[in-house]
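Worksheet: the structure to be examined is printed underneath.
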């Protein structure tokens with residue numbers, strides 16, 4: 001016989017089932033969020049030395065976004081790159097010293113695998129937006145045998161791309177006002193009056209919107225702050241004078257670069273992905289040589305792009321990862337572009353790809369504010385050849401630690417603290433024990449490095 005209380009029991013049972021089901025769904029969603037691999041956004045500024053940012057003591061430009069990311073995240077005090085863009089980009093994307101895979105300036109080995117390939121293979125949605133310039137660099141009249149010898153972006157492993165200078169140099173057009181942009185093998189039809197960096201970030205933010213429910217990897221090789229030095233949409237000269245080229249606009253470009261980083265970070269927050277997203281900001285080499293940046297101590301730091309000294313290699317490296325990275329943490333370890341791939345892979349819980357050589361070391365412990373060991377030296381293999389407008393340059397290899405530098409080419413040892421401009425080479429035969437020990441250590445570093453290609457040299461005469 002059915003009890004008269006049965007309807008009540010049924011209602012209570014049904015309610016309990018709904019509550020239980022709801023809790024199960026909530027628990028499942030929570031587990032999904034907890035187990036989700038982090039998103040990664042790697043931003044690389046073009047021609048931006050450490051001295052341009054307020055968080056590194058610079059006073060010439062307002063960079064509130066990056067200063068705040070450094071204050072709430074991790075700032076690396078001793079981050080370095082190669083002195084010019086292609087050497088850094090090739091090393092960054094492959095995780096290898098350039099002596100392993102160098103071809104020529106503006107060229108990425110078409111057979112090389114990049115973090116685009118590896119992150120896609122790991123199940124990430126992948127995107128690159130900004131500057132490519134790794135497929136063909138020389139104009140038709142200069143060493144045409146090197147034209148079109150690089151990697152096409154459609155073969156670089158990314159699911160989506162939105163890029164300036166994806167083809168031959170003479171077809172690249174503008175990168176800033178009225179830009180020429182390859183949008184997944186179709187050129188953007190109408191960009192008159194538009195500004196390249198705005199479009200690159202629009203694409204990145206749209207990509208995040210479309211892929212917010214699965215882990216994504218974004219590489220943003222910025223066009224800013226590389227020349228030509230032109231007005232930005234925040235400059236009074238825009239839009240009528242947007243094609244002017246004047247070094248004074250470098251100031252506006254630095255500040256607009258910071259603004260673009262802010263737009264990306266704001267989109268991450270809008271999507272509720274801040275704690276799920278590792279943002280890495282890095283520079284590819286020193287600032288342009290005409291730039292003069294005032295520091296908090298009153299000193300002036302000239303730009304050092306292309307120079308084989310600290311002004312050419314010392315760049316910003318800032319990491320933001322709320323809830324996972326340490327806050328207001330400064331790391332003094334010597335780091336370079338080869339450390340980025342191991343860091344990303346460890347942060348994402350991924351093993352490094354098998355069958356590949358990686359020359360860097362993960363920085364995850366340092367990012368998390370934990371004790372971590374790291375090599376106490378850096379090695380530089382800088383080859384800008386062959387390439388147009390590289391007359392007078394040659395392959396240079398050197399090693400540094402926090403105080404000393406040793407050049408392979410001339411054997412000179414420098415004290416970088418006493419002589420940062422490297423004007424007074426030290427005679428090791430008459431030097432003190434510290435210099436002798438440093439020479440021995442850095443020479444062993446250089447001796448451990450190989451050479452997997454035949455360096456190109458300018459023909460005599």
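Throughout, read-outs are computed from the coordinates displayed, never taken from laboratory work. Bear in mind the structure is a predicted one, so any value in this text is a computation, not a measurement. Neighbour counts run over all protein chains shown; Cβ positions are idealised from the backbone, glycine included.
If each of residue 263 and residue 237 carries a label point 7 Å out from its Cα toward its Cβ, how far apart are those two points in nm?
Going from the residue 263 label point to the residue 237 one covers 2.1 nm.
Apply the Kirkwood formula to region 48-140: the hydrodynamic radius equals the inverse of the mean of 1/r over all pairs of different alpha-carbon atoms; give it in Å with one decimal. Walk me through the numbers on the way to the answer.
On the way: mean 1/r = 0.0631 Å⁻¹.
Hydrodynamic radius (Kirkwood, Cα pairs) of region 48-140 is 15.8 Å.
Using a ≥ b ≥ c from the Cα gyration tensor of region 316-461 (square roots of the eigenvalues), is it rounded, prolate or oblate, where a/c under 1.5 gives rounded and otherwise the larger of a/b and b/c decides, a/b for prolate? The partial results should precede the final answer.
Values: a/c = 2.13, a/b = 1.38, b/c = 1.54.
Oblate shape, in that a/c is at least 1.5 and b/c is the bigger or equal ratio.
PRE reach from residue 202 (point 7 Å along Cα→Cβ): which of region 131-170 fall under 18 Å by backbone N?
131, 161-165
Compute the distance in nm between two label points, each set 7 Å from the Cα along the Cα-to-Cβ direction, one at residue 183 and one at residue 417.
Distance between label points: 5.5 nm.
Which ordering of 460, 305, 149 is given by a fewest-first count of other beta-carbon atoms within 10 Å?
Starting with the residue having the fewest Cβ neighbours, the order is 460, 149, 305.
Dividing the alpha-carbon radius of gyration of region 398-461 by 2.2 N^0.38 Å (N being the number of residues), what value is obtained?
Working: Rg = 13.8 Å, N = 64, 2.2 N^0.38 = 10.7 Å.
Working it through for region 398-461, the quotient is 1.29.
If I stretch the segment between residue 452 and residue 394 completely, what's the gain in nm (0.36 nm per residue apart, minus their alpha carbon distance), one decimal? Write out the running numbers ahead of the final one.
Numbers: separation 58, 0.36 × 58 = 20.88 nm, distance 1.68 nm.
So the chain would gain 19.2 nm between residue 452 and residue 394.
Tell me, what are the semi-axes, in whole angstrom and largest first, of the equivalent ellipsoid of the chain as set by the roots of 5 times the Cα gyration tensor eigenvalues? The partial results should precede the final answer.
Working: eigenvalues 359, 152, 102 Å².
After scaling each eigenvalue by five and taking roots: 42, 28, 23 Å.
Kindly put 128, 43, 300 in sequence by how many other C-beta atoms sit within 10 Å of each C-beta, fewest to most.
Values: 128 29, 43 23, 300 10.
Ordered by Cβ neighbours within 10 Å, fewest first: 300, 43, 128.
In degrees between 0 and 90, to the nearest 10, how far off the longest principal axis of the chain does helix 85-94 point, with axes built from Cα atoms?
The answer is roughly 40 degrees.
Just to confirm the number: angle between the C-alpha axis of helix 6-35 and the first principal axis of the chain, 0 to 90 degrees, nearest 10?
0 degrees
For the residue pair residue 111 and residue 409, what label-to-label distance in nm results when each label sits 7 Å from Cα along the Cα-to-beta-carbon direction?
Placing both labels 7 Å beyond Cα along the Cβ direction yields 2.9 nm.
Only helical DSSP H runs with n ≥ 4 go in: add -39500 (n - 2.57) per run for the chain, normalise by residue count and round the 222 nm mean residue ellipticity to 500 deg cm²/dmol.
That calculation yields -8500 deg cm²/dmol at 222 nm.
By how many degrees, 0 to 90 and rounded to 10, does the Cα axis of helix 196-210 deviate from the longest principal axis of the chain?
For helix 196-210, the angle is close to 30 degrees.
Can you sort 327, 448, 320 by how many other beta carbons sit within 10 Å, fewest first? Let's see the in-between values first.
On the way: 327 12, 448 9, 320 25.
Starting with the residue having the fewest Cβ neighbours, the order is 448, 327, 320.
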